[in-house]
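The values are calculated or read from the model by the stated rules, or taken from the named source; none is laboratory data. What you see is a predicted model, and the numbers here were worked out from it, not measured in a lab. With ideal geometry, Cβ positions are generated from the backbone for all residues, glycine too; neighbour counts draw on all protein chains shown. The area values use the complete protein model at the heavy-atom level, side chains included, leaving out ligands, DNA and RNA. Shrake-Rupley method; radii C 1.70, N 1.55, O 1.52, S 1.80 Å.
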Amino acid sequence: MFRCGRHSCKDYKEYKDILAHTLENYSLRSFTTFKIGGKARYFNVCESIEALCESLGWCTREGVPWFVLGNGSNILVSDKGFPGLVVKLGKMFKQIKFHEDTVEVGAGVLLPVLSRYFLEHQWGGFEFMCDIPGTIGGAVRMNAGTKEGEIKDQFVLALMLTPNGEIISIDKGGMEFCYRKSSPEHKKNIVLGAQFSFSHFSERHAIREKIKQIVVARRQKQPANRRNCGSVFKSPSGSQSAGWYIDKAGLKGARVGDAMVAFEHANWIVNVGNAKAEDVKGLIEKIQHEVFKQYRLKLEREVIYAPDDLW
Ligand SMILES: Cc1cc2nc3c(=O)[nH]c(=O)nc-3n(C[C@H](O)[C@H](O)[C@H](O)COP(=O)(O)OP(=O)(O)OC[C@H]3O[C@@H](n4cnc5c(N)ncnc54)[C@H](O)[C@@H]3O)c2cc1C
């Protein structure tokens, strides 16, 4: 789908195309599942690797910070927005190609969409993806997953664009996947696509049944309010979940502004109205403070703060 090689950013001296397609002061709110966040100074949907290269080259030359936004399902964008360029991957990055025992997936493909293709091709073992609302790019970065499986399980390699305009291939070892993260060494690279290997053949009805069970179970314990970012904290080591500690600390329903700890699942924060990023951050600090006070446990955040965690 994509080939390794050098797409030197220096080849794009004029940066004419990028400037023509870049929007200014563009609200990011609707691009996040929280429906929270200020404006990006610059915003660009890139439809090709060349356009991505050109964008990064322009940022390097002008000293403009940038980051790539997936489906915005694990990110809290500051109320002040992002003082640089936010890049989203366009249609070209939404391709899926099945081979005999591998599949190549563009970084812009959503996991629930991909899981329908696995059903169609009768590839079992990927059912865990069916209800995670992220893109392959974000999922590789986060090693997204559930108790049923994780991105790393059948991962073969990812093709990435470096800030120097080089396309590199990183295998599973190089990704250093662990619980909800991958190697920080690749933090500044853009995932263009990933390859996964065949696990096992499954009958369609069996895959469909498994997906149904997963979705039903998740709907029962997840909040009905979809303006959230999934689990806010990573599972601590030990037998109890982050939600258990938050619940026992008496924080279900706790609020800061319009950010509220969900009653259905204490590890989820929902935007019940017009929550600000500062409200969510305040609530996260309150939870960490209370849980530490009562259990001497430091809950580690899973949701990413933009720009704080990115630059
Ligand atoms: C209702 C709900 C349920 C969820 N359930 C789960 C779950 O069961 N398991 C789970 O693991 N997560 C879950 N999540 C969290 C989230 O869906 C995952 O973390 C997902 O992988 C994030 O992908 P994204 O495309 O939305 O990334 P974003 O939130 O847009 O970005 C997350 C990070 O990835 C980076 N990124 C995005 N695209 C790329 C790219 N192409 N190249 C390099 N970096 C990139 C961003 O810069 C950012 O640092 C849930 C979220 C919600 C809202």
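Would the range 259-272 turn up any residue that is at positive phi and over 21 Å from the mean Cα position of the chain (by Cα)?
Scanning the range 259-272, I find no residue that is at positive phi and over 21 Å from the mean Cα position of the chain (by Cα), so the answer is no.
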Which residue out of 167, 190, 151 is in the same structural domain as residue 103 (by TED's automatic domain parsing), within 9 Å of the ligand (Cβ to nearest atom) and touching a Phe, Trp or Tyr at 6+ places or on another chain (Cβ under 8 Å)?
-> 151
Considering every residue within the range 23-43, establish whether at least one is of a type in the set (A, V, I, L, M, F, W, C) and at pLDDT below 95.
-> yes
Hits in the range 103-131 - residues which are surrounded by fewer than 24 Cβ atoms within 10 Å (Cβ to Cβ), aliphatic (A, V, I, L, M) and part of a loop (DSSP other than H, G, I, E, B) | 109
Only one of these conditions is not met by residue 244: (1) more than 26 Å from residue 86 (Cα to Cα); (2) open to solvent by less than 60 Å² (accessible area, probe 1.4 Å); (3) among the aromatic types (Phe, Trp, Tyr). Which number is it?
-> (2)
Among the residues of the range 191-220, which ones are open to solvent by 80 Å² or more (accessible area, probe 1.4 Å) and of a type in the set (A, V, I, L, M, F, W, C)?
-> 201
Hits in the range 77-125 (condition: farther than 17 Å from residue 198 by Cα and hydroxyl-bearing (Ser, Thr, Tyr)) | 78
Any residue in the range 54-72 that's in contact (Cβ under 8 Å) with a residue 24 or more places away in the chain: show its pairings with residues that are open to solvent by 50 Å² or more (accessible area, probe 1.4 Å) and part of a loop (DSSP other than H, G, I, E, B) at Cβ separation under 7 Å, as long as the two are six or more apart or on different chains.
-> 54/12; 57/12; 65/311; 71/133
For the range 135-145, state whether one or more residues are within 9 Å of the ligand (Cβ to nearest atom), on the phi < 0 side of the Ramachandran plot and of a type in the set (D, E, K, R).
-> yes
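Give the number of residues within the range 132-146 that are in a strand (DSSP E or B) and either free of Cβ contacts under 8 Å to residues at least 12 places away in the same chain or open to solvent by 30 Å² or more (accessible area, probe 1.4 Å) (or both).
1
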Go through (1) free of Cβ contacts under 8 Å to residues at least 60 places away in the same chain; (2) open to solvent by 80 Å² or more (accessible area, probe 1.4 Å) and name the single condition residue 278 misses.
-> (1)
Just a yes or no: is a residue in the range 134-144 among the basic types (Lys, Arg) and over 13 Å from the mean Cα position of the chain (by Cα)?
-> no
Is there a residue in the range 290-302 that is free of Cβ contacts under 8 Å to residues at least 60 places away in the same chain and surrounded by 17 or more Cβ atoms within 10 Å (Cβ to Cβ)?
-> yes
